[in-house]
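Engineer: Sharing a structure here in C-alpha cells format.
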Amino acid sequence: MQDVGEQFAIRVHDLVVGFRRHVVIDHLKLDVRRGEILGLVGASGGGKSVLMRTIIGLIPRQEGEIEVMGAPIGNHDRATRSAAGRWGILFQQGALFSSLTVRQNIQFPLRENLVLSDALMDEIATAKLEMVGLKPEDGDKFPSELSGGMTKRVALARALALDPAIVFLDEPTSGLDPIAAGDFDALIKTLQKTLGLTVFMVTHDLASLNTVCDRVAALADGKIVAIGPMRELLQSGHPWVRAYFHGKRSQMLQPKAS
C-alpha cells in the first residue's frame, strides 16, 4: 500500500491566515495529489492567492500545518527555503524583471540556487525556452518586447528552471485572448504529462477548469467547500459553487469526458 505521504504533493490541515482582525483562511483543509492538475476557484478577494502564497511561505500563517512533498513548511524558516527548490511559481502577469533579458530572467533561479558556468546556464535557458514553445533567439529580448502570451511562456520557463516537482500558477491565462489562453492550457497539460508535474493552478477561467484540471477545489468563506472532478462540482449544492458554475457566463461549460 502506498504511504499517505507519497500520495500527496501538498497537504494543508486546519490552516488559519488573517490580517489583523480579518480572517481570510479559516481552518482550511486541502490535499493535492501527486501528478494532478488542481484548479482552485473562489470569489475575487476570497483568498485564493493568499492560500497559494501561504503554502509557499510568502505569507505567515496563524495556525495549522502545511506539508510539501512530505516535508513540513514553516513561516519563513530554513525548511521552507530548502523546499523552495522543489517548486516553481508563475505569478500573475508573469512578474518578469524588466531590466533583464528573457534568458537572464530564466537563469535567475539558477544563479540564486546553484553554482553553474555561464555556458551551462545558457544551455539550460535555451532548453527551457524550447520546452515552452519559444525560440532560442527569443532569449535576447526584453520583457517589453514580448506579447502577453510570450510573457506567460517565459515566466513558465523560469518556473521550470530548477526542474521542480510542483508548479504553482496564479491566474496563468489572465489577460490572454481565447486563442492564446487555449494554447497555454494545452502547453500546461503537455508539460504536466511529460514531466510528471503536480500543478496547483489558481484561476477563474472556466475553460481552463474544464479542459485542463483533473480536480477543482472551490474556496468560499475561508474554507474548501467542494472538491472533485468538474462533473462533481457542477452537481454541488453549495450556494456559491452553484452560482459560480451555473451563472450566465458558464452556460457554455460542459463536463469534461472521463
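The values are calculated or read from the model by the stated rules, or taken from the named source; none is laboratory data. Model, not experiment: these values are computed from the prediction. Cβ: placed from backbone, ideal geometry, glycine included. Neighbour counts: every protein chain shown.
Engineer: Across the stretch 217-241, what is the total count of residues that are assigned to a strand (DSSP E or B) and either closer than 22 Å to residue 64 by Cα or touching a Phe, Trp or Tyr at 6+ places or on another chain (Cβ under 6 Å) (or both)?
Structural biologist: 9
Engineer: Which number in (1) at pLDDT below 90; (2) surrounded by fewer than 16 Cβ atoms within 10 Å (Cβ to Cβ); (3) assigned to a helix (DSSP H, G or I) marks the one condition that residue 175 misses?
Structural biologist: For residue 175, the exception is condition (3).
Engineer: Given the structure, is residue 152 touching a strand residue (DSSP E or B) at 6+ places or on another chain (Cβ under 9 Å), touching a residue at least 60 places away in the same chain (Cβ under 8 Å), surrounded by fewer than 22 Cβ atoms within 10 Å (Cβ to Cβ) and basic (Lys, Arg)?
Structural biologist: No: the conditions fail for residue 152.
Engineer: Given 80, 101, which one is surrounded by 14 or more Cβ atoms within 10 Å (Cβ to Cβ), out of contact with any strand residue (DSSP E or B) (no Cβ under 6 Å at 6 or more places or on another chain), at pLDDT below 85 and among the hydroxyl-bearing types (Ser, Thr, Tyr)?
Structural biologist: 80 is the lone residue from the list that is surrounded by 14 or more Cβ atoms within 10 Å (Cβ to Cβ), out of contact with any strand residue (DSSP E or B) (no Cβ under 6 Å at 6 or more places or on another chain), at pLDDT below 85 and among the hydroxyl-bearing types (Ser, Thr, Tyr).
Engineer: Right, something else. Give the number of residues within the stretch 106-144 that are on the phi < 0 side of the Ramachandran plot and outside any helix (DSSP H, G or I).
Structural biologist: Here is the first cut: in the stretch 106-144, the ones on the phi < 0 side of the Ramachandran plot are 106-132, 134-144.
Still in the list and also outside any helix (DSSP H, G or I): 114-117, 132, 134-135, 141-142.
Summing the residues that are on the phi < 0 side of the Ramachandran plot and outside any helix (DSSP H, G or I) in the stretch 106-144 gives 9.
Engineer: In the stretch 19-40, which residues are surrounded by fewer than 22 Cβ atoms within 10 Å (Cβ to Cβ) and of a type outside the set (A, V, I, L, M, F, W, C)?
Structural biologist: Those that are surrounded by fewer than 22 Cβ atoms within 10 Å (Cβ to Cβ) and of a type outside the set (A, V, I, L, M, F, W, C): 20, 21, 22, 26, 27, 29, 31, 33, 34, 35, 36.
Engineer: With respect to residue 141, is the statement that it is surrounded by fewer than 19 Cβ atoms within 10 Å (Cβ to Cβ) and either modelled with pLDDT under 95 or over 22 Å from residue 42 (Cα atoms) (or both) true? Steps first, please.
Structural biologist: Details: surrounded by fewer than 19 Cβ atoms within 10 Å (Cβ to Cβ): yes; either modelled with pLDDT under 95 or over 22 Å from residue 42 (Cα atoms) (or both): yes.
Yes, satisfied.
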